[in-house]
1. Tell me whether the stretch 16-31 contains one or more residues that are within 19 Å of Cys151 (Cβ to Cβ) and modelled with pLDDT of 95 or more.
2. Do we have Val181 as among the aliphatic types (A, V, I, L, M) and modelled with pLDDT of 95 or more here?
3. Assess whether Ala106 counts as being among the small types (Gly, Ala, Ser) and either closer than 14 Å to Ala162 by Cα or without any contact (Cβ under 8 Å) to a residue 60 or more places away in the chain (or both).
4. Take the stretch 39-64 and flag every residue that is charged (D, E, K, R) and within 21 Å of Ala106 (Cα to Cα).
5. Where in the stretch 140-225 are the helices (runs of 4 or more DSSP H), entirely inside, with at least 1 residues that are exposed (fewer than 15 other Cβ atoms within 10 Å of the Cβ), under 21 Å from the mean Cα position of the chain (by Cα) and among the aliphatic types (A, V, I, L, M)?
6. Any residue in the stretch 152-173 that is touching a helix residue (DSSP H, G or I) at 6+ places or on another chain (Cβ under 6 Å) and among the charged types (D, E, K, R)?
7. Given the options Gly136, Gly65, name the one that is assigned by TED's automatic domain parsing to the domain that holds Lys20, surrounded by fewer than 20 Cβ atoms within 10 Å (Cβ to Cβ), within 19 Å of the chain's Cα centre (by Cα) and at positive phi.
8. Yes or no: the stretch 81-95 includes at least one residue that is without any contact (Cβ under 8 Å) to a residue 12 or more places away in the chain, under 20 Å from Gly244 (Cα atoms), surrounded by 14 or more Cβ atoms within 10 Å (Cβ to Cβ) and not acidic (Asp, Glu).
Amino acid sequence: MNEVIETILAHRSIRKFKDKPLSEEMVTTLVKCAQSASTSSYQQVCTIIGIDDREKKEKLAELAGNQSYVADNGYFFVFCMDYNRHMIAAEMKEAEIFETIESTEAFIVGTVDAALAAQNLSVAAESLGLGIVYIGGIRNRLKEVSDLLGCPEHVLPLFGVAVGYPDANPGKKPRLPLPAVFHKNNYQSTEETKDWLTQYEKETSEYYTERTGGKRTEGWVTQITGSMASPKRTYMKDFVRSKGLNKS
């Protein structure tokens, strides 16, 4: 096993950081690592907005559901799906690409591009001894986030990544059993999945019980079915379309 694999397997989300900013050199290195991620058909649909302004970070923390670590970190990155520059390129060539950009396929491409870039940045950060946590909470009030960051049409903030020097060492959460996520040649049956989930419910219940001193005892199955009982951010469909995306 090499250092890269060890870094990936040791991942855990960090939600408490030291009061120490990242250097400009480190930020640039991380963004270059993000840029080096695979991108569908060389489209490069991801734009990263770096936030080091304290007031703006505090506002983003509020919009994300008052998550303090959105403001208190070494640096905050917002990953966006960005077809604005593609529209500019089309204008330069007097080409029409509206139909493509408004398609569901383009929306998936943009989302995947941003996720791949973010994961590259995250692994690079962790390899340097930094900690990271993904922030989906910026989608709680995405119009306000979009306005705050000055995102034009065809640019959609998707999630944030807080990066910094760890000031905590949380336990590593157990992942689903390998057979539950890796199926050879065809999808496995529901009955087999129930067996794996029963095992995982017990394992994660024990994890939370130990980590919280008995304050939390639910396992993953209980946790997920509870959190997904009601849909969240139901305004997203209309907002995404208002940005000129995912219309067809």
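The values are calculated or read from the model by the stated rules, or taken from the named source; none is laboratory data. Given the structure is predicted, the values throughout are model-derived calculations rather than measurements. When we count neighbours, we look across all protein chains shown, and the Cβ atoms used for this are built from the backbone with ideal geometry, even at glycine.
1. Narrowing the stretch 16-31 to residues within 19 Å of Cys151 (Cβ to Cβ): 31.
Applying the additional criterion that residues be modelled with pLDDT of 95 or more yields 31.
Checked the stretch 16-31: at least one residue is within 19 Å of Cys151 (Cβ to Cβ) and modelled with pLDDT of 95 or more.
2. On the way: among the aliphatic types (A, V, I, L, M): yes; modelled with pLDDT of 95 or more: no.
So Val181 does not fit the description; no.
3. no
4. Hits for the stretch 39-64: nothing passes.
5. The qualifying helices (runs of 4 or more DSSP H) are 178-181.
6. Checked the stretch 152-173: no residue is touching a helix residue (DSSP H, G or I) at 6+ places or on another chain (Cβ under 6 Å) and among the charged types (D, E, K, R).
7. Testing whether each residue is assigned by TED's automatic domain parsing to the domain that holds Lys20, surrounded by fewer than 20 Cβ atoms within 10 Å (Cβ to Cβ), within 19 Å of the chain's Cα centre (by Cα) and at positive phi leaves just Gly65.
8. Scanning the stretch 81-95 turns up at least one residue that is without any contact (Cβ under 8 Å) to a residue 12 or more places away in the chain, under 20 Å from Gly244 (Cα atoms), surrounded by 14 or more Cβ atoms within 10 Å (Cβ to Cβ) and not acidic (Asp, Glu).
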